[in-house]
Amino acid sequence: MLDYHVHAVAHGEYEYTYEWILRFLENARERKVTEIGFTEHDEYRAQVKDDVLSSLQGEFSDLIIRTGLEVDFIPGREQEIHRIISEKQYDYIIGSVHFIDQWPFDHPDFKDQFDDYDVDEVYKNYFMLVDKAVNSGFFDIVGHIDLVKIWGHRPSKHNAIYYVKPVLASVKKMGMAIEINSAGLRKPVKEIYPAQEILETMYAMNIPITLGSDAHHPTQVGEGLEEACMLAKKIGYRKLVQFRRHIKKAISV
C-alpha cells in the first residue's frame, strides 16, 4: 500500500521537525503503508527539510519515502508553476484545482457561495480547469479529480461523467495517473475521490492509479486507503503506479 498525498506542514501550522515527521512514519507503518510520499502544498515548500527525511529514511528501512509537491493550477500561473517544479528534483507532482475564478470553492468559509451559482456551470468550469491543468504538461498525477463534489452538490442537467470524460481523454493522452483520494470520506460528501462511476470509466480507458489519504496530520496517514483499494479491486484494478524522479512503475495491488 502506498500513500502519495501527505501534507506534513498542513497549511503552514506545523513545523517540519524530526519528531513531527517521525509520527507520520510510525503511523504509516502501523497502517501497513509501505511507501509514503510527502507532498506539501506548493506555497509551503520552503518549510521542507530534506535532511530530516534523509535521517529518518535510515531508521525506516521497511518504508520507501518519496517527495512530491501538490501544485494549484490557476490559468496565468504557468510560468510560476514551471519555476516552482524546477527548483528541485521531485519524485512526482500532483496537479490540483482548488479555485474557480478566485473562488476557493472547497474552503469551508466559502462553501455557501454554491448557492449563488448553477451547479452544472460550476461543474463545467471546474472540469475545464482540470483539463487545462492536465494539458499543461506540468503534472504526473491528477489530485482529487472530482473535488468539486466536496460539499455534496451534484449537477442536475448532466451527471458528473459528462463533465469528466474530456478530462479523462486528456489524462490518457498525456500519460498521467489519477489518484484515488480517500479524504472525501472525511468530508460532508462522504465519498472517495473519484466516484465509482468515474473510476469505472478510468479502468475501461486503462488509466493508471495511485493512492492518497490527503493527510494533514499524522493520525490521517493511510486513513481510508483500505476502502480505496477495495473499490479499485472491485472495479478490476490489479496494479498501482509508483513514481521515482517522475518515472512511473506498475506494482501489484
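Rule-based calculations on the coordinates, nothing more; no lab input. Keep in mind the model is a prediction, meaning the values are calculated, not measured. Neighbour counts are summed over all protein chains in view; Cβ atoms, including those assigned to glycine, are modelled from backbone coordinates with ideal geometry.
Determine the shape class of segment 1-75: with a ≥ b ≥ c the square roots of the Cα gyration tensor eigenvalues, call it rounded for a/c under 1.5, and otherwise prolate if a/b is greater than b/c, oblate otherwise.
Verdict is prolate for segment 1-75.
Taking the Cα centre of segment 10-62 as origin, work out the dipole magnitude from +1 charges on Lys and Arg Cβ and -1 charges on Asp and Glu Cβ, in debye rounded to 20.
200
I want the local charge near Asn206. Using Cβ-Cβ distances under 14 Å, sum +1 for each Lys or Arg and -1 for each Asp or Glu among the other residues.
Once positives and negatives cancel, what remains is +4.
Return the distance in nm (one decimal) between the two label points of a simple spin-label model at Glu191 and Lys165, each offset 7 Å from Cα along Cα→Cβ.
Here the answer is 1.8 nm between the modelled labels.
Using alpha carbons only, how many angstrom separate the centre of segment 197-253 from the centre of segment 18-35?
Their Cα centres are 19 Å away from one another.
What dipole magnitude, in Debye to the nearest 20, does segment 16-102 give about its Cα centre under +1 on Lys/Arg Cβ and -1 on Asp/Glu Cβ?
It works out to roughly 160 debye.
For the chain, what does -39500 (n - 2.57) per DSSP helix run (n ≥ 4), summed and divided by total residues, give at 222 nm, in deg cm²/dmol to the nearest 500?
Value at 222 nm, helices only: -10000 deg cm²/dmol.
Arrange the peptides 44-50, 172-178 so that the one whose residues have, on average, the most other Cβ atoms within 10 Å appears first.
My ranking of the peptides, most packed first, is 172-178, 44-50.
Out of Val6, His158, Leu147, whose Cα points farthest toward the positive end of the dipole of the chain (charges: +1 Lys, Arg; -1 Asp, Glu; placed on Cβ)?
It is His158, whose Cα lies furthest towards the positive end.
If packing is taken as the average count of other Cβ atoms within 10 Å, what order do 231-238, 118-125, 106-113 fall into, highest mean first?
Per-residue Cβ counts within 10 Å, averaged per peptide and sorted highest first, yield 118-125, 231-238, 106-113.
For the chain, what is the percent of antiparallel DSSP beta bridges, rounded to the nearest 5?
Among the beta bridges of the chain, antiparallel pairing accounts for roughly 25 percent.
About its Cα centre, what dipole magnitude does the chain give when the only charges are +1 on Lys and Arg Cβ and -1 on Asp and Glu Cβ, stated in debye to the nearest 20?
The dipole magnitude comes to about 1200 debye.
Could you tell me which of the pairs Lys132/Lys187; Lys190/Lys248; Lys111/Lys132; Lys187/Lys234; Lys172/Lys239; Lys132/Lys173 are separated by over 21 angstrom between their Cα atoms in the structure shown?
Long pairs (Cα-Cα over 21 Å): Lys132/Lys187; Lys190/Lys248; Lys111/Lys132; Lys187/Lys234.
Per residue of segment 229-244, what does 6.51 cos²θ - 1.76 cosθ + 1.60 with θ = phi - 60° give for ³J(HN,Hα)? Whole Hz please, x for Gly and Pro, Karplus curve as stated.
5, 4, 5, 4, 5, 4, 7, x, 5, 10, 9, 10, 10, 10, 10, 9
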